[in-house]
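The values are calculated or read from the model by the stated rules, or taken from the named source; none is laboratory data. From a predicted model like this one, the values you see are computed outputs, not experimental measurements. Cβ placement follows ideal geometry from the backbone for every residue including glycine, while neighbour counts extend to all protein chains displayed. Heads up: the accessible areas ignore ligands, DNA and RNA and are worked out on the full protein's heavy atoms, side chains in. Shrake-Rupley method; radii C 1.70, N 1.55, O 1.52, S 1.80 Å.
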Amino acid sequence: MAELPPVCRQAFILSRVKGWSSSRIGEHLGTTDRTVRNYLARALEHIQLRLTDKTSLTGIDNEHR
């Protein structure tokens, strides 16, 4: 998460930790609902890529979990 741009990270935290809606986050950050949804998508994609990288480095086979 530290690798994300600050505003993207903040949007993700407000969404997932605080449970805020994307429109509320947009109001808080001074941006649109659509932009917030883009931030959230970027954060999720980044996290998914990092998790995939870590599982490939540890040799964990996702099919045999």
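For every residue, the table says whether it meets (1) assigned to a loop (DSSP other than H, G, I, E, B); (2) modelled with pLDDT under 95; (3) open to solvent by 70 Å² or more (accessible area, probe 1.4 Å).
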{"site": "Leu4", "(1), (2), (3)": "yes, yes, no"}
{"site": "Gln10", "(1), (2), (3)": "no, no, yes"}
{"site": "Thr31", "(1), (2), (3)": "yes, no, no"}
{"site": "Leu40", "(1), (2), (3)": "no, no, no"}
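Please name all residue pairs, on different chains or six or more residues apart, with Cβ atoms under 6 Å, provided the first residue is in the stretch 9-21 and is on the phi > 0 side of the Ramachandran plot and the second residue is at pLDDT 95 or above and open to solvent by less than 60 Å² (accessible area, probe 1.4 Å).
Nothing qualifies.
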